[in-house]
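Written below as structure tokens is the structure these notes are about.
Only the coordinates and a few stated rules stand behind these numbers; no lab work does. It should be emphasised that the depicted structure is a prediction, and the values quoted were computed from it without experimental measurement. Here the Cβ is made from the backbone with ideal geometry for all residues, glycine too, and neighbour counts use every protein chain on show.
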């Protein structure tokens with residue numbers, strides 16, 4: 001029997017073309033997956049070795065791809081790491097992990113570094129899953145990336161305002177509020193944006209790699225206005241230092257580094273452009289005959305979808321409010337949340353898609369499932385949910401409210417497996 | 001009652017997670033097993049998956065869920081959990097490159113033990129049908145039809161059962177399901 005034929009016959013089963021024998025897997029790729037899975041669970045190599053009754057050096061060799069992982073070892077490792085064997089052996093697009101890229105950033109201690117690794121790995125898995133769905137559906141994410149902005153020699157504030165202004169012009173935003181920031185970054189620029197449950201001090205993460213492009217995670221546990229700020233901040237990193245990954249932590253009162261200052265400055269000018277904000281504020285003052293109340297400012301913050309504090313600080317900077325207004329209100333015990341509820345302002349959270357996954361990601365997952373490229377179990381895994389909910393997502397995304405010619409409401413079923421564009425002979 | 005549909009092979013039918021969820025949602029696994037003249041088996045990996053159905057007790061549309069509890073079915077002997085034998089692991093790993101672990105273990109068992117398999121999963125079906133010695137495949141609807149014919153379920157009982165599967169299991173017939181019309185006709189009995 002030819003060697004090629006032998007590899008296609010495993011355990012007495014002649015396997016079809018789509019299946020690959022385990023023996024044909026690249027040991028280095030498998031080793032990298034095992035290392036990533038181990039770190040995601042914060043196990044040391046010694047702990048894994050003890051759990052499997054092997055020497056630590058054996059685990060080292062497995063992770064380097066120098067020793068082939070036996071079948072039963074792989075199954076036990078998957079169980080130990082709480083991963084599916086499928087996740088460990090499927091082909092994945094990225095070699096250099098986000099956790100490796102993030103390692104250049106300082107952590108306060110080992111525990112923080114391990115925690116950061118775990119979140120970085122999940123962030124990377126989300127981005128890779130997104131890319132895999134695009135590949136399955138043959139629908140690559142359109143990228144409208146501007147070249148990196150050079151800022152050398154320009155004062156940080158000036159550079160931040162210039163870049164924000166150029167980007168607003170490029171994206172046709174004028175100087176009004178950016179209403180759907182997430183959708184803008186995803187659809188008009190081609191960034192991958194996830195709302196993850198991150199540690200409370202972490203505001204967001206940014207990473208870039210060639211196959212994945214620009215990837216941003218913001219902390220879904222934070223209020224929506226903070227999420228938007230973090231999103232704009234990470235976008236600032238993408239525009240100015242694309243190849244330097246970033247993890248933004250909430251400022252603890254100390255001075256920001258120059259690159260953090262630039263990204264934060266960008267967020268400020270991008271979300272609160274000087275001309276648009278000044279014009280709106282002046283109109284408000286004119287209408288109210290020079291009397292500006294806290295309710296007016298809350299409404300203005302809501303209009304620009306930024307926090308009350310961010311708005312006040314920006315107005316102070318523009319000398320439209322006296323310096324120290326925010327601090328004075330704080331000292332007087334002003335409670336933003338209570339004030340908002342008094343004037344029946346929503347926090348904006350219900351208006352914005354705060355879901356973990358981008359809408360396009362979910363559509364692609366459903367499309368891949370409908371094309372029989374994913375099993376139901378895989379679909380649930382891609383959607384980070386269980387089968388029952390995944391079925392609900394398929395039903396929800398697979399049909400749209402429809403209005404017939406006679407004005408009767410109905411449901412239009414969408415066949416994801418059919419091309420939208422008709423082919424003509 | 002009409003004649004029992006023979007599924008042969010030691011009267012065991014393998015279920016994947018989709019079908020297990022659907023039959024559990026139907027609330028009549030014993031009757032289905034009886035109609036098929038079989039007992040059911042699932043792969044150990046499937047038994048470990050967290051499965052849910054929607055609650056029955058809410059009249060309005062609800063998203064309240066309950067976990068699938070297999071202990072009753074196991075206790076009554078209707079359902080057994082099987083582990084992969086060593087020889088089946090190679091096939092499991094080959095399938096696991098393409099499908100999730102539960103599905104891969106189910107496929108490996110179906111191929112190796114030559115067990116008829118109930119699955120609606122189109123990808124799993126495609127992979128299995130490409131293998132030599134592919135098992136006999138059943139779909140949720142096909143099994144429910146066998147049950148309906150065996151028990152001579154009247155139109156109302158049938159409609160109620162199908163609606164229960166649809167509503168509690170969030171199940172809709174997959175694209176290309178040949179018995180889709182039977183399913184829709186069965187459900188429509190309660191609409192009229």
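Of all the options B:91, B:43, B:64, the one that moves most in a Gaussian network model of chain B with Cα springs shorter than 10 angstrom is B:64. Taking every alpha-carbon pair in the range A:274-342 and binning the separations at 10 Å intervals from zero gives 20, 59, 21, 0 percent. Note on the range A:132-180: Rg/Rh from C-alpha atoms, Kirkwood Rh, equals 1.16. Note on the protein assembly as shown: helix-only mean residue ellipticity at 222 nm, from DSSP H runs of 4+ residues weighted -39500 (n - 2.57) and normalised by residue number, equals -14500 deg cm²/dmol. Computed over the range B:76-148, the alpha-carbon pair-distance distribution with 5 angstrom bins reads 3, 16, 27, 25, 17, 9, 4, 1, each value a whole percent. If the Kirkwood radius is taken over C-alpha pairs of the protein assembly as shown, then at 10 °C and 1.306 mPa s the Stokes-Einstein diffusion coefficient equals 57 µm²/s.
For the range A:59-145, the relative contact order comes to 21 percent (Cα pairs under 8 Å, sequence separation of at least 6). For the range A:70-147, dividing the convex hull volume of the Cα atoms by the residue count gives 135 Å³ per residue. With a Förster radius of 51 Å applied to the C-beta separation of residue A:309 and residue B:64, the computed FRET efficiency comes to 0.85.
Work out, in µm²/s and without decimals, the Stokes-Einstein translational diffusion coefficient of the range A:20-109 at 20 °C, 1.002 mPa s, Rh from Kirkwood over C-alpha pairs. D = 157 µm²/s.
When the Cα convex hull of the range A:149-298 is projected onto planes of every orientation, the mean area is 10.1 nm². Taking only the Cα atoms of the range A:290-398, the ratio Rg/Rh comes out at 1.27, with Rh defined as the Kirkwood radius. Rounded to the nearest angstrom and listed largest first, the equivalent-ellipsoid semi-axes of the range A:241-311 from its Cα gyration tensor are 31, 13, 9. Taken over chain B, the alpha-carbon convex hull comes to 125 cubic angstrom per residue. Once C-alpha pairs closer than 8 Å and six or more residues apart are averaged by separation and normalised to the residue number of chain B, the relative contact order reads 27 percent.
May I ask you to work out the translational diffusion coefficient for the range A:162-249 at 37 °C, viscosity 0.692 mPa s, via Stokes-Einstein with Rh from the Kirkwood sum over Cα pairs, reported in whole µm²/s? Once the numbers are plugged in, D ends up at 249 µm²/s. Could you please state, rounded to a whole Å, how far the C-alpha centre of the range A:119-158 is from the C-alpha centre of the range A:33-112? Spelled out, the Cα-based centre of one part sits 26 Å from the other.
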